[in-house]
Amino acid sequence: MAHLQLEHVTKRFGRLEAVKDLTLSIQDGEFFCILGPPGAGKTTTLRLIVGLEKPEEGQVYIDSEPVNDVYPGRRDIAMVFQNLALYPNKTVFENIAYPLRERKLPNDEITRQVNDVAKTLHIDRMLDRKPAKLSGGERQRVAIGRAIVRHPRAYLMDEPLANLDAKLRQEMRVELKRLQKELGQTLVYVTHDQIEALSMADRIAILHKGVLQQVDTPDNIYHLPANRFVATVVGSPPMNFLPCRVSQQNGYLNLSHQKFGFRAAGEQHPLRHNLSRHGLLPETVLLGIRPEDIAIFDQKPSDSAVAGQVLVVEPLGSETILDIELGSDLVKAVIPPTQKISEEQVVWFEFNPAKLHVLDNKSGTRLYSSSKEQPLPAI
Ligand SMILES: Nc1ncnc2c1ncn2[C@@H]1O[C@H](COP(=O)(O)OP(=O)(O)OP(=O)(O)O)[C@@H](O)[C@H]1O
Ligand SMILES: [Mg+2]
């Protein structure tokens, strides 16, 4: 069992700051994902926790004990690496047994423990085989088995499913989640796949160029992204961003795009409050809306509906993605496959007034999100 903590940790390679002033607190028993694009500092973060890198600044704690000067072997944390390395000349049994042999456990105890782990991972029928005779998914299980058999205080896994095909990844996602619940131990799981993070994690940390963007539940990461980067990393296709002018009229605060607008009534509206946080109202903001929060109609459904021309129709089986021209912007919308829309057709769309986000035009920070209780009506 382990509570893992990083306090203001910075790791440099020469002049490059791979991890910048990172503070994270990973709870005991938590399935914690670190999500970010290549080069974000994900692997470096794991290596700092396990002790393969030492921070230039800050402190790493395991169960409140400062461990910057504790060797990896004494930290008792198992890591499954990005490019998993099995011993090619050893059988599956011996690959899993390796950490136990190093501890000089008696043979019958090793046999019992390896068999237990192999059963849990459904690889008990292939214990005599060499890694070359296994599929990618089976090899992955062996690597995980070798980590589990040690009964460490916590597990770190670096993109363990990256080399598997889509179907196998999906199966392994479900199994890993089950396994983690069964073991009840802290797991830090690195991925650049948003689906893996959203579907498995208790909480997700999003890294970009070594800087932490947000730590939150999958639900909040998706519905209340801290900034434009987070809103783009999670969700497929990503959120649309449309520039809007900010103005005031008769007690209303208006957000106006070339083709549509929204307004908030009253001096006390939280949108007004959040936009004027730094004194003056900004001249422009970005309106964020997810493709699935846009409804598409082939005839004008209401006075507030907006017209646009469809440029691309992309059928994906379970849904269809549309690229629609709206003034000088391009908007992506998702519709059910049963709705038939063709390219070059003019369609009408309505934004869900309870799913609108308002972001700072320069920094990309999210300033406000509408909700069911407080929708932003169209002008
Ligand atoms: N040993 C090293 N020496 C020099 N630079 C390094 C070293 N290790 C990592 N870096 C750099 O630090 C940054 C973060 O690397 P890191 O491996 O942590 O990224 P990552 O998020 O794991 O990326 P990926 O998704 O590609 O695995 C990158 O710019 C990388 O080039
Ligand atoms: Mg990496």
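Below is a table of values for the structure above.
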read-out: Filter result for VAL70 (over 25 Å from the mean Cα position of the chain (by Cα) and either in the same structural domain as GLY184 (by TED's automatic domain parsing) or touching a residue at least 40 places away in the same chain (Cβ under 8 Å) (or both)); value: yes
read-out: Segment 191-242 - residue that is at positive phi and either within 16 Å of ligand 2 (Cβ to nearest atom) or in a helix (DSSP H, G or I) (or both) and, of those, surrounded by the fewest Cβ atoms within 10 Å (Cβ to Cβ); value: LYS209
read-out: Search result, residues across segment 121-144 that are among the polar types (S, T, N, Q) and in a helix (DSSP H, G or I); value: GLN140
read-out: ILE77 vs. criteria within 16 Å of ligand 1 (Cβ to nearest atom) and buried (at least 21 other Cβ atoms within 10 Å of the Cβ); value: no
read-out: Qualifying residue in segment 142-154 (condition: surrounded by 15 or more Cβ atoms within 10 Å (Cβ to Cβ), under 23 Å from THR44 (Cα atoms) and within 16 Å of ligand 2 (Cβ to nearest atom)); value: yes
read-out: Checking ASN163 against (1) assigned to a helix (DSSP H, G or I); (2) open to solvent by 30 Å² or more (accessible area, probe 1.4 Å); (3) more than 21 Å from ARG75 (Cα to Cα); (4) not aliphatic (A, V, I, L, M), the condition it does not meet; value: (1)
read-out: Residue list for segment 9-39, filter: surrounded by 14 or more Cβ atoms within 10 Å (Cβ to Cβ), more than 13 Å from ligand 2 (Cβ to nearest atom) and at positive phi; value: ASP21, GLY29
read-out: Some residue of segment 157-167 being at pLDDT below 90, more than 16 Å from ligand 1 (Cβ to nearest atom) and among the acidic types (Asp, Glu); value: yes
read-out: Selection within segment 7-50 - near ligand 1 (Cβ under 7 Å from one of its atoms) and more than 21 Å from VAL80 (Cα to Cα); value: PHE13, GLY14, LEU16
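The values are calculated or read from the model by the stated rules, or taken from the named source; none is laboratory data. All values derive from a computational prediction rather than experimental measurement. All Cβ positions, even for glycine, are placed from backbone atoms using ideal geometry, and neighbour counts span all protein chains on display. Calculation scope for accessible area: heavy atoms of the full protein, side chains included, ligands and nucleic acids excluded. Shrake-Rupley method; radii C 1.70, N 1.55, O 1.52, S 1.80 Å.
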